[in-house]
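Before any comments, here is the structure.
The values are calculated or read from the model by the stated rules, or taken from the named source; none is laboratory data. From a predicted model like this one, the values you see are computed outputs, not experimental measurements. Backbone-built Cβ (ideal geometry, glycine too); neighbour counts: all protein chains shown. Heads up: the accessible areas ignore ligands, DNA and RNA and are worked out on the full protein's heavy atoms, side chains in. Shrake-Rupley method; radii C 1.70, N 1.55, O 1.52, S 1.80 Å.
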Amino acid sequence: MTKPITLIVMDGVGHSAFTAGNAVANAFTPTLARLARGKKTYLKAHGPAVGMPSWSDMGNSEVGHNALGSGQIYDQGAKLVADAIQTGRLFNGPVWQGMIEHVKQANSCLHLMGLLSDGNVHSHIDHVFALLNEAQKAGIAHIRLHILLDGRDVAETSALTYVDQLESVLTDLRDKGCDAQIASGGGRMVITMDRYQADWAMVEQGWQTHVLGEGRRFPSARAAIETLRKEKPGVTDQYLPAFVIGSDQPNGPIVDGDGVIFFNFRGDRAIEISQAFEADSVFQPFDRKRVPKVFFCGMMQYDGDLQLPSRFLVDPPAISHTLTEFLIAKGIQQYAISETQKYGHVTYFWNGNRSGKLSESMETYREIPSDRVPFEQRPWMKSAEITDALIDTIQAGTHPFMRVNYANGDMVGHTGDYQAALTALCCLDVQLGRVLQAVEATNGIALITADHGNAEQMLELDKQGQVVLDAAGEPVKKTSHTLNPVPFYLFDPSGSVHANLVQDDSVGLANIAATVAELFGFKPDPLWQASLLRH
């Protein structure tokens, strides 16, 4: 088959039979309704289907795009780190041993920095507890924590739950003679955890807070969170301002001789802060003012091509035999497009965590710069501009395989703003309609899916689908991803695909690569999960 194929990833658009808080089901989406009348199935996008430890672990964009792009299921960061801790490999490894030796010889401080929650998307609080306990056992005398508040992969105002758990562990460590304290913190969407160089000012704010110890000071993390919440009514954890712990002086700036572990295992929001620690004096994004000479490592290596960071505690998955490599070998030109917020997902994660193109001559990338405003204020995001560029490419006929990510369902879904999410889905649907019209006009095929759920469940629900209420009787917002399946639509207006789609719960995102290969008339890579086509 020589028909061009367009693969559309509707980021964060899952499927749920429950309608309460379901922006996907309740938005006006005639294009999605049209697709639902055609060939469709549902795919698993969480848990072991995307390499996560258990079926209670939600999927995310990283593991989802790894599965989409590789056609395989690899053990991912959460599982790799948990296994390395459980077996002791992490603590017997050369980087951990080198970190401990460095800090002890320098009689310095060990700093742990990262996202404090059990969301298991970027990090897990249990991993932090394991690092703390092993550091104390190894004889580390001084430990400081720099905590990024979540409210995105977990309940939106759950920060104090995790802070209290952490403080309990730190109290136990202090009873054992280890000076262990929280030093700084702030919301993950305000400081430190930028990605794709969308807003280096976030990283600069994190550097000032964690490294320099500059910022508004509070006696404790709890006091900081409670005070900032009172001053900013309605603010969720991910948007809380930065804070520093200390009285007359900050109690944990990072100085020469210290050791620093960034304990996130996911790469996209860990790359820029790692660059700030490891770059030489030529570093351009912002003025670091003071660059301490430290032993820095990540929980994992966040970018294999850039070798960033140079030291890491757990080896990342070695992903090979990707769909991109397969199609390059077959002579298929490929086009990838998204806006900044998801650009790395259709490039870096899609290609097996490789930052550069696998072939300069066979791949074309297009990034549409994202707006730097709260997503609920412009829920349409850059969907129209993405569509304009994609339609131009479809009409040009230069790339038989095109892939696109629309960020609306995920980025707006994470805000917890239901009305904004409804608007986001309506806008996305309009742009899908435009793309499908171009696909039909060029006698092509479109595959429409998602990488995980989000916008289809904007409220916490019980097992019966009833809305969970808080102590004041108000619905509890859900800002995290979900455990729901995602849709898969086959748009074939000419009726050239004489096959149905698998209709059982054995299939997931990793089955799409083989489906693409079969639609092109190729025998899929034998390492891949089976095609969704059933002849």
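Bridging of Lys230 to aspartates and glutamates at a Cα separation below 20 Å is possible for Asp150, Glu156, Asp164, Asp470, Glu474, once same-chain residues fewer than 8 apart are set aside.
Legend: Rg and Dmax of the stretch 175-302, from Cα coordinates, 14.8, 44 Å. Note on the stretch 385-478: Cα Rg divided by 2.2 N^0.38 Å, N the number of residues, gives 1.42. Over the stretch 348-390, accessible surface divided per residue gives 46 Å², non-protein components excluded, 1.4 Å probe. With the simple spin-label model, which puts each label point 7 Å out from Cα in the Cβ direction, the Ser310 to Arg34 separation comes to 5.5 nm.
Taking amide H atoms as placed 1.01 Å from N in the peptide plane, the amide H of Gly416 has no partner under 5 Å among residues 5 or more positions away or on other chains. Using Cα centres only, tell me the gap between the stretch 508-533 and the stretch 64-81 in whole Å. After rounding, the separation between the Cα centres reads 16 Å.
Each pair of Cα atoms in the stretch 206-281 enters the Kirkwood radius, and Stokes-Einstein at 37 °C and 0.692 mPa s then converts it into a translational diffusion coefficient of 231 µm²/s. Distance between the pseudo-spin-label points of Lys137 and Ser494 (7 Å out from Cα toward the beta carbon): 6.4 nm. Our note on the geometry: Cα centres of the stretch 92-146 and the stretch 195-240, 22 Å apart.
How far is the Cα center of the stretch 444-471 from the Cα center of the stretch 245-280, in Å? For the stretch 444-471 versus the stretch 245-280, the Cα centre distance is 35 Å. Dividing the summed -39500 (n - 2.57) terms of all DSSP H runs of n ≥ 4 by the residue count of the chain sets its mean residue ellipticity at 222 nm at -9000 deg cm²/dmol. Counting only protein heavy atoms and a 1.4 Å probe, the stretch 46-197 has 31 square angstrom of accessible area per residue. R0 = 60 Å: FRET efficiency of His102 with Asp504, Cβ-based, nearest 0.05? FRET efficiency, His102 to Asp504: 0.70. Overall shape of the stretch 114-161 was characterised from the C-alpha gyration tensor. The equivalent ellipsoid obtained from it has semi-axes of 24, 10, 7 Å, in decreasing order. Distance between the modelled labels on Arg89 and Thr2, one decimal in nanometres: 4.8 nm (7 Å Cα→Cβ projection). Solvent-accessible area of the chain (1.4 angstrom probe, protein heavy atoms only): carbon and sulfur portion equals 49 percent. Using a 7 Å offset from Cα along Cα-Cβ at Asp287, what residues in the stretch 192-219 end up with backbone N under 16 Å from the label point? Zone members listed by number: 201, 204-205, 207-209, 212, 214. The loop-placed trypsin sites (Lys or Arg not before Pro) in the stretch 367-425, going by DSSP, that have at most 13 neighbouring Cβ atoms within 10 Å of their Cβ come out as Arg372.
Sorting the Cα pairs of the stretch 358-515 by distance into bins of 10 Å, from 0 upward, gives 9, 30, 34, 20, 6, 1 percent per bin. For the stretch 287-379, the normalised intensity computed at q = 0.12, 0.24 Å⁻¹ comes to -0.56, -1.15 (log10 of I(q)/I(0), Debye sum over alpha carbons, equal scatterers, no solvent). Heavy-atom accessible surface of the stretch 394-489, averaged per residue, reaches 34 Å², computed with a 1.4 Å probe. Under conditions of 37 °C and 0.692 mPa s, the stretch 1-100 yields 194 µm² s⁻¹ as its translational diffusion coefficient, taking Rh as the Kirkwood radius over Cα pairs in the Stokes-Einstein equation.
Would you mind checking Lys79/Lys342; Lys3/Lys357; Lys137/Lys293; Lys330/Lys357; Lys104/Lys293 for any pair whose Cα atoms are more than 19 angstrom apart? Cα-Cα > 19 Å for Lys79/Lys342; Lys3/Lys357; Lys137/Lys293; rest within. Determine the percent antiparallel among the DSSP beta bridges restricted to the chain, to the nearest 5. For the chain, the DSSP antiparallel bridge percentage is about 25.
Multiplying the residue separation of Asp392 and Ser247 by 0.36 nm and subtracting their alpha-carbon distance yields 46.3 nm. Quick one: plug the Kirkwood hydrodynamic radius of the chain (C-alpha pairs) into Stokes-Einstein at 25 °C, 0.890 mPa s, and report D in µm²/s. It comes out at roughly 103 µm²/s. With N the number of residues in the stretch 302-437, Rg(Cα) / (2.2 N^0.38 Å) evaluates to 1.17.
Between amide H atoms placed 1.01 Å from N, distances below 5 Å from Ile368 occur with Ser338, Glu339, Thr340, all of them 5 or more places distant or on a separate chain.
By the Cα gyration tensor, the stretch 178-220 has an equivalent ellipsoid whose semi-axes, rounded to whole angstrom, run 22, 10, 9 from largest to smallest.
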